[in-house]
1. For ILE259, what is the net charge nearby, where nearby means another residue's Cβ is under 14 Å from its Cβ and Lys, Arg count +1, Asp, Glu -1?
2. Would you please put 254-262, 126-134 in order of how densely packed they are, using the mean number of other Cβ atoms within 10 angstrom per residue and starting with the highest?
3. Round to the nearest 0.05 the FRET efficiency obtained for VAL294 and TRP233 when R0 = 60 Å and r is the Cβ-Cβ distance.
4. If one computes the Cα centroid of region 58-127 and of region 9-49, what distance in Å separates the two points?
5. Using per-residue counts of other Cβ atoms within 10 Å, averaged over each peptide, order 135-142, 435-442 from highest down.
6. If you take the beta carbon distance between SER246 and ALA406 as r and set R0 to 56 Å, what does 1/(1 + (r/R0)^6) give as a FRET efficiency, to the nearest 0.05?
7. Give me the percent relative contact order of region 290-416, please, defined on Cα pairs under 8 angstrom at least 6 residues apart.
8. If each residue of separation counts as 0.36 nm, what is the full-extension length gain between ALA146 and SER302 once their alpha-carbon separation is subtracted?
Amino acid sequence: MLAAVFLAAFDFNVVTVAIPSIQRGLATTFSEIQLIVAGYALSFAVLLITGGRLGDLYGRRRLYVVGMIGFTIASGLCGFARVPAQLVGARVLQGAFAAIMVPQALSFIQVTFTQKEQSLAYAIYGMTIGLGMIAGQVLGGLLVSADVLGLAWRPVFLINVPIGIVAIALTWWLVPESRAPAGLRLDPGGVVLVSVSLYPLIRGEEAGWPTWTRLSLAGSVLVMHLFLEYERWKTKRDGSPLLALSLFRHRSFVVGLAIGVAFFSGLASFLLLLTEYLQTGLARSPRAAGLTFVPFAIGFLSASFASARLAPRLGRSILQLGAALMVTGLVALVAVVGRRADAVAYILPLFVYGFGQGNLQAPLVNFILADVPPGDAGSASGVVTTVQQLSFALGVAVIGGVFAVALGPDPAAAKYGEAFVHALAWNIGLLAVTFVAAFALPRRQRVVRIAGPQC
């Protein structure tokens, strides 16, 4: 089930490493590159809540398999694309099918495991998101540099095909079917409204926030208000809204989402801008830039495994410990960037940052979903993943904008370090918000045991 989470995160990040090779191989324009990146992000984000609802209605295992089959085929189409338009279309399909398969994994955890098992399952889920993002940088850089069989950038997509085939086979063999109690219906009106309201944020970030996106973003606030009012009406009418507004009565859900916005906004921009700084500012190859992330990955994985045992004992303090360690790593990284040190100097700061991320990210989902009832598993899963994707877009837009302004219109290589330090300062501020917001969470994790017919 976690193969869906890994592949979705991997494909969200790997394109940034492969962009130069894609430009050379397909002779793409800048606007086409934007569409290759934005097509995936847009279709993924706007369909996530719908994907969760479809799993509730028609079976989570069934929708997972449908999503994984579509994602695997779309990955093959990406790898064999001959012109930019084919790659753009295949990326849109990838994002759409990712939105169908990813929410099922989180819902599966909620309705299958016992209280004791859920803590570990949520930790592994959070670890998988981070691992996919890191693998997008590390493995993506290695695949592009290796030029496997002379295929240049294509293996970054084709590698999904064997993973998808194995995941589909194992799902039919191992995963039990589950669905929400009878009575739920589809909410096409809600799908349209939420898609319209989210479009400007995703598209604006990828397009560099031209005037039309700023105006439409203002209009999306009104559309979002209409969506919420429509969902209230839908709840009273037949009890089948796309978004269960009752979720927002749970303090842990609301506060956890707020922490997620601050955390994921900083994380996404950090990964992207560190890659940009290494490859453009320091002129390192994709392979060398990817290998720089290895200490980060080691720290993240080590802490993720340990957090499954520590989180029940430390409660919300483990999130604050993670935020403090991430700040420590970033402060050390500022010093390293300031003196343009060699690759060895990056090892300790990135390890500490990754170790802190593992302590924060792995248990976070557990806090967010602690009080969510099983009947709302699909809706809650869609909301959590949607907020994560929107936070990625928001962080890259805002902190990426800070980086661009500090870089100036005609940047020299030396300016990249200064611009990266400005971006790191914003990341430190977001982590400070994360640390403070965690005080509003319950002191201890409260995981609801879900048993009986739901299992």
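1. Values: positive: ARG251, ARG316; negative: none.
Net local charge, ILE259 excluded: +2.
2. Working: 254-262: 20.3, 126-134: 23.7.
Output ranking for 254-262, 126-134: 126-134, 254-262.
3. On the way: r = 52 Å, r/R0 = 0.87.
Given R0 = 60 Å and the Cβ-Cβ separation, E is 0.70.
4. For region 58-127 versus region 9-49, the Cα centre distance is 17 Å.
5. Values: 135-142: 23.5, 435-442: 17.4.
The peptides rank, most packed first, as 135-142, 435-442.
6. Numbers: r = 44 Å, r/R0 = 0.78.
For R0 = 56 Å, the calculated efficiency reads 0.80.
7. Numbers: 118 pairs, mean separation 40.6, N = 127.
The normalised contact order for region 290-416 reaches 32 percent.
8. Values: separation 156, 0.36 × 156 = 56.16 nm, distance 2.79 nm.
Residue separation times 0.36 nm, minus the Cα-Cα distance, leaves 53.4 nm.
The values are calculated or read from the model by the stated rules, or taken from the named source; none is laboratory data. Remember, it's a predicted structure, so these values are computed and weren't measured experimentally. Ideal geometry is used to build each Cβ from the backbone, glycine not excepted, and the neighbour counts take in all protein chains shown. To get the accessible areas, we keep the full protein, side chains included, count just its heavy atoms, and leave off ligands, DNA and RNA. Shrake-Rupley method; radii C 1.70, N 1.55, O 1.52, S 1.80 Å.
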